[in-house]
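For reference, the structure is listed below as structure tokens.
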Amino acid sequence: MEKSKLSELEWQIITTIWDIDRPVCVRDVLNKAYPKNEKAYTTVQTVMNNLFEKNILTREKIGLVNFYKPIEKKQAILKQEVQRFLNKTFSGSLNAMVSFIINSKEIDQKELEDLKKLISEIERSDK
């Protein structure tokens, strides 16, 4: 099932939860992601409940505290978001996106060499 698009704040929260890599409560996420109280407890709580409603997180109440954990691994959500972006901007064509990036001059020579190396490694591993 395709998950709903994630907002920037939802991305911050789910990324923090993946980084912690264990069931977390709101306070855990708040302390890790916003150590200087940049966000209110209730804001983080609302976002985590939204991620639960979107079937991104599970929620289990232990005593008085809700603990959350991701349903899917980071890779699965990233793949879905990249595919959504490709479909929206490049008619689903990875080749068109890579061509755009390379031709936009936003890639430096080292990054280009790293990409060539990565492609060579993938080609060797497929044989």
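Remarks
- Here Val65 qualifies as assigned by TED's automatic domain parsing to the domain that holds Leu30 and exposed (fewer than 12 other Cβ atoms within 10 Å of the Cβ).
- Residue check, Asn55 over 13 Å from the mean Cα position of the chain (by Cα), assigned by TED's automatic domain parsing to the domain that holds Gln83 and assigned to a helix (DSSP H, G or I): no
- Candidate set from segment 25-82 (those that are among the polar types (S, T, N, Q) and in contact with a strand residue (DSSP E or B) (Cβ under 7 Å, 6 or more places away or on another chain)); member that is farthest from Val98 (Cα to Cα): Asn66
- Cβ-Cβ under 7 Å pairs, at least 6 apart or on other chains, segment 44-63 side modelled with pLDDT under 95, far side surrounded by 13 or more Cβ atoms within 10 Å (Cβ to Cβ): Lys54/Lys3; Asn55/Lys3; Asn55/Ile71; Ile56/Lys3; Ile56/Ile14; Ile56/Pro70; Ile56/Ile71
- Number of positions in segment 93-122 that are surrounded by fewer than 12 Cβ atoms within 10 Å (Cβ to Cβ) and either outside any helix (DSSP H, G or I) or of a type in the set (Val, Ile, Thr) (or both): 6
The values are calculated or read from the model by the stated rules, or taken from the named source; none is laboratory data. Every value quoted in this text rests on a predicted model; they were computed, and no experiment measured them. Reconstructed Cβ throughout: ideal geometry from the backbone, glycine too, with neighbour counts over all protein chains shown.
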